Amino acid sequence: MKNVIITGGSRGIGAACVKAFAQKGYRVFFTYTKSEESAKELALETGATAICADVTSFYEMKKAADIIKNYGRIDIIVNNAGISQIKLFQNITEDDWDRMFDVNIKGMFITVKTFIDDMIHNKRGRIINISSMWGEEGGSCEVHYSASKAAVIGFTKALAKELAPSGITVNCVSPGVIDTDMNSHLTDEDMASLMEETPIGRIGKPDDAANAIMFLADDSSDFITGEVISVNGGIIM
Ligand code: NAP
């Protein structure tokens, strides 16, 4: 049985991944920070193990690894935990900037550092990082978010080159607008106009992103590395 760790699995895309991996028979571990109730419900529903651990803390991720090691080595990392914020560039504070980069990119550095020795030891593994369409093309009033998500793409490609000889693939999924709490600030009107702008004509579902992640985790994708797969209904191409 393969072991997968999904960061930020308590809600949204991460929760869809927890369900999808559990359904396919993987042993699933997921982290969360604040959403304890939904994490516990999801663990009960899927049989996954919920671990309260902040991706920005080496100490907390090491504690998560200590729990997981009782079940064997990690085969797949899904670096999903993320935050966003809408602010005019002039209003972004140094704290806003640092927090964005701490969660969205340093969190990936910490998570991979925590589990990479296992994968290198196994001579196989999958690392799947979640970027965003704004990391590909930049979003107005989301400069810090866009910059952190662009960094995810650079991180993915560099790590893919370095880890390929160790049998580990590193890829990125770049979602467009997906219906999760992250977009709860959008009004019905905003949603309608985003749908109109999207060639496929709808807003994405968490499962749309999870399906691409499942594909990259599967053995059948083992000749794909350093790639960015956009899951955005064609809103950017
Ligand atoms: P979401 O519904 O807001 O869920 C975010 C998840 O990340 C939650 O489970 C949250 O857990 C967790 N999280 C946040 N900070 C964390 C931390 N420091 N340590 C551990 N976990 C943390 O977001 P989502 O829409 O599912 O987004 C998931 C990923 O997709 C993010 O990286 C996001 O940037 C990316 N993305 C989303 C969209 C979209 O339209 N929704 C588009 C492009 C990219 P707690 O609640 O327990 O803190």
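The values are calculated or read from the model by the stated rules, or taken from the named source; none is laboratory data. Being a predicted model, the structure only gives us computed values, none of them experimental. Cβ placement follows ideal geometry from the backbone for every residue including glycine, while neighbour counts extend to all protein chains displayed.
Looking only at the range 38-65, residues that are under 14 Å from G8 (Cα atoms) and under 19 Å from the mean Cα position of the chain (by Cα) come to 17 in all.
Restricting the range 75-105 to residues that are in a helix (DSSP H, G or I) and touching a Gly at 6+ places or on another chain (Cβ under 8 Å) leaves a set whose member that is farthest from the ligand (Cβ to nearest atom) is N104. Taken together, the residues in the range 194-203 that are out of contact with any helix residue (DSSP H, G or I) (no Cβ under 9 Å at 6 or more places or on another chain) and not in a helix (DSSP H, G or I) amount to 3.
Hey, does the range 170-188 have a residue that's within 16 Å of the ligand (Cβ to nearest atom), under 21 Å from G9 (Cα atoms) and free of Cβ contacts under 8 Å to residues at least 24 places away in the same chain? Looking through the range 170-188, at least one residue is within 16 Å of the ligand (Cβ to nearest atom), under 21 Å from G9 (Cα atoms) and free of Cβ contacts under 8 Å to residues at least 24 places away in the same chain. A single entry from S57, S84 fulfils the requirement of being closer than 20 Å to V152 by Cα and surrounded by fewer than 19 Cβ atoms within 10 Å (Cβ to Cβ): S57.
If you go through the range 66-76 and keep only what is in contact (Cβ under 8 Å) with a residue 40 or more places away in the chain and either within 18 Å of the chain's Cα centre (by Cα) or farther than 21 Å from K106 by Cβ (or both), you end up with Y71, G72, R73, I74, D75, I76.
From the list F101, F89, the one residue that fits, being within 30 Å of S140 (Cβ to Cβ) and surrounded by fewer than 15 Cβ atoms within 10 Å (Cβ to Cβ), is F89. Scanning the range 38-69 for residues that are part of a helix (DSSP H, G or I), within 12 Å of the ligand (Cβ to nearest atom) and under 16 Å from A16 (Cα atoms) yields S38, A39, K40, L42. Here is a list: I110, I153. Which entry is surrounded by 18 or more Cβ atoms within 10 Å (Cβ to Cβ) and within 11 Å of the ligand (Cβ to nearest atom)? From the options I110, I153, the qualifying one is I110. Would you confirm whether any residue within the range 175-191 is more than 30 Å from S38 (Cβ to Cβ) and surrounded by fewer than 20 Cβ atoms within 10 Å (Cβ to Cβ)? No, the conditions are met nowhere in the range 175-191.
Quick grid of which residues meet (1) under 23 Å from M214 (Cα atoms); (2) in contact with a Pro (Cβ under 8 Å, 6 or more places away or on another chain); (3) hydrophobic (A, V, I, L, M, F, W, C):
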| residue | (1), (2), (3) |
| --- | --- |
| L44 | yes, no, yes |
| T49 | yes, no, no |
| T56 | no, no, no |
| Y59 | no, no, no |
| K62 | no, no, no |
| A65 | yes, no, yes |
| I74 | yes, no, yes |
| Q85 | no, no, no |
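Only a single criterion out of (1) farther than 18 Å from N129 by Cα; (2) at pLDDT 95 or above is not satisfied by H185, namely (2).
The residue that is nearest to the chain's Cα centre (by Cα), among those in the range 11-37 that are near the ligand (Cβ under 10 Å from one of its atoms) and of a type in the set (A, V, I, L, M, F, W, C), is I13.
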